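All remarks here apply to the structure that follows.
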Amino acid sequence: MTRLARLLLTTAAIATLLAACGTVDEPTDPVDAPEEPGDEDAVPDDGDDQPDDGTDPDANGDDPVSGTYGDEVETAVADAAAHFDVEPGDIEVVTAEAVTWPDGAIGCPEPDMMYTQALVDGYRIVLAVDGDEVAYHGEDGGEPRRCDDPTDPVE
């Protein structure tokens with residue numbers, strides 16, 4: 001095979017691999033998004049997730065603390081109750097929030113371990129147990145794990 005043919009095959013293989021990786025779609029700016037027919041009277045979202053009926057958000061199933069991470073909070077509370085030998089009702093949820101971890105350690109690095117060096121979307125749950133804060137960290141879609149020596153997310 002000639003040198004030119006090998007070069008062309010290599011280039012084609014690289015192009016195929018890059019195409020297989022796909023592209024990342026940039027989020028569209030809602031201000032620049034084309035209007036759908038009939039949206040002339042649409043009210044823009046003001047970011048206020050409070051129900052318009054004047055009821056307590058908890059009554060509608062939206063817990064302002066645990067929000068999206070309700071199942072993960074429930075798992076963390078059950079684990080903390082068992083670990084610290086307390087009733088789940090005696091545990092307070094301080095925060096449950098989406099975060100970005102700086103690496104695969106998800107804010108809980110262990111000695112002598114190596115972790116992927118890439119940003120990881122996840123969450124942080126902080127519970128109050130007998131006056132002490134206990135951190136639980138996880139990656140999106142993963143189970144929370146207790147973190148005895150937590151580090152901070154990237155933001």
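The values are calculated or read from the model by the stated rules, or taken from the named source; none is laboratory data. Predicted, not measured: the structure shown is a model, and the values here were computed from it. Here the Cβ is made from the backbone with ideal geometry for all residues, glycine too, and neighbour counts use every protein chain on show. Areas reflect the complete protein model, heavy atoms only, side chains present, ligands, DNA and RNA absent. Shrake-Rupley method; radii C 1.70, N 1.55, O 1.52, S 1.80 Å.
Assorted remarks:
- Residue in region 102-122 that is of a type in the set (Ser, Thr, Tyr), in contact (Cβ under 8 Å) with a residue 12 or more places away in the chain and within 16 Å of Thr151 (Cβ to Cβ) present: yes
- Any hit, region 132-143, residues being touching a helix residue (DSSP H, G or I) at 6+ places or on another chain (Cβ under 7 Å), open to solvent by 70 Å² or more (accessible area, probe 1.4 Å), closer than 23 Å to Gly70 by Cα and among the charged types (D, E, K, R): yes
- Some residue of region 76-94 being aliphatic (A, V, I, L, M) and assigned to a loop (DSSP other than H, G, I, E, B): yes
- Within region 89-120, the set of residues being exposed (fewer than 12 other Cβ atoms within 10 Å of the Cβ) and not β-branched (Val, Ile, Thr) comprises Gly89, Glu110, Pro111, Asp112, Met113, Met114, Gln117, Ala118.
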